[in-house]
């Protein structure tokens with residue numbers, strides 16, 4: 001008989017966490033497991049992103065323009081009721097009113113709302129909560145709880161808490177003294193898919209201008225990702241005469257601010273905002289340097305993908321980066337988490353000899369990431 005697994009996530013598309021979830025579910029053993037996927041907000045399960053074997057459900061509906069006014073009003077009323085119960089009642093009541101699934105294992109695939117919801121599942125169900133961010137450095141999940149005591153209680157209700165890097169685990173253990181439940185589980189990477197999609201020709205990508213160095217950043221356009229300081233550093237390098245082009249892939253609330261910065265500093269011809277791309281890998285393949293300008297990370301998936309494609313990398317020092325690039329910059333350059341550090345690292349990588357060296361090193365490091373090992377570790381958590 002198949003073991004029943006429920007995954008709860010916040011959204012289905014848009015960032016690194018969502019891509020990792022897609023990789024896991026696309027390689028799950030559906031001969032052994034029956035999987036139901038919930039998103040906090042209603043979405044559309046698109047073919048090619050998620051396998052046909054999963055069942056999809058959602059918690060909060062999303063009113064649409066093509067719905068009748070009565071239908072949208074009803075959705076809004078239901079959502080208000082659910083929000084009231086969520087914020088004013090115990091998570092177990094939210095579970096009994098709006099979910100009522102009885103799986104063998106319930107998995108919150110992201111901190112915050114999903115973790116609080118899974119904590120409300122009955123204690124006879126094995127509960128697992130993935131943690132993708134440094135809670136001490138960037139504690140965004142506060143918005144999902146009434147207080148830190150409630151968040152601590154949520155984590156203590158879990159059997160296991162997979163942390164995507166050693167630093168993420170370290171900060172969680174320090175914050176909530178929970179080392180008996182937390183484990184390090186690196187994000188799985190489908191290296192075959194990354195390489196295959198990287199080779200797909202994209203008509204949007206123009207021929208390279210002579211001697212132009214393409215610098216690419218991939219991720220949600222939010223405060224944590226530090227895109228403004230990446231643009232500031234790039235502006236300085238352009239003024240110094242470096243022939244560079246900045247590609248930024250992703251969507252988010254900071255887009256207008258970033259576009260305004262580009263316009264005010266007259267670097268529109270040097271910066272391209274590509275938005276969210278179904279296939280970011282052919283953009284990554286066509287670039288010369290991958291940069292992570294984040295203030296905080298859990299484990300930057302795009303860094304691993306860049307290593308798989310043999311791309312030189314410059315990253316601010318965040319959780320997981322030294323685990324990916326080495327303690328002494330063996331596989332890429334990890335810089336001080338500041339604008340000055342980012343400037344120095346990028347300027348160093350613009351040296352062709354250094355860039356060629358790290359291109360070779362990245363390709364070597366990229367061979368270390370295997371999907372099979374990561375999936376086996378996930379199965380062990382589910383079965384143990």
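No value in this document is a laboratory result; all are computed from the given coordinates. Being a predicted model, the structure only gives us computed values, none of them experimental. Note that we place each Cβ from the backbone using ideal geometry, even for glycine, and neighbour counts take in every protein chain shown.
Structural remarks
- Within the range 1-124, the ratio Rg/Rh, alpha carbon atoms throughout and Rh by Kirkwood, equals 0.98.
- Binning the C-alpha pair distances of the range 267-378 at 10 Å intervals from 0 yields a P(r) profile of 14, 44, 34, 7, 1 %, listed from the shortest bin outward.
- Peptides 174-181, 124-131 ranked from most to least packed, by the mean per-residue count of other Cβ atoms within 10 Å: 124-131, 174-181.
- Exposure proxy order (Cβ contacts within 10 Å, fewest to most) of 328, 27: 328, 27
- Crossing angle, helix 227-239 versus the chain [Cα axis fit, 0-90 degrees, rounded to tens]: 0
- Computed over the range 191-366, Kirkwood Rh from alpha-carbon pairs, angstrom: 16.0
- The angle separating the long axis of helix 371-383 from the principal Cα axis of greatest extent in the chain is about 20 degrees.
- Taking 95, 58 and counting other C-beta atoms within 10 Å, the order from fewest to most: 58, 95
- Sorted largest first, the principal axis extents computed over the alpha-carbon atoms of the chain equal 62, 49, 39 Å.
- Evaluated at q = 0.17, 0.21, 0.23 Å⁻¹, a Debye calculation over the C-alpha positions of the range 188-273 (equal weights, vacuum) places log10 I(q)/I(0) at -0.81, -1.08, -1.18.
- Computed packing ranks the peptides 194-205, 348-359 as 348-359, 194-205, most packed first, by mean other Cβ atoms within 10 Å.
- Listed peptides 259-270, 14-25 by packing density, highest first (mean Cβ within 10 Å): 14-25, 259-270
- The chain, helix-only ellipticity at 222 nm - DSSP H runs n ≥ 4, -39,500 (n - 2.57), divided by all residues, nearest 500: -12000 deg cm²/dmol
- The chain: most fluctuating residue of 92, 165, 294 per GNM, C-alpha cutoff 10 Å: 92
- Acute angle (nearest 10 degrees) that the helix 16-26 long axis makes with the longest principal axis of the chain, alpha-carbon atoms: 60
- Estimated translational D of the range 97-167 in µm²/s (Stokes, Kirkwood radius over Cα pairs; 10 °C; 1.306 mPa s): 128
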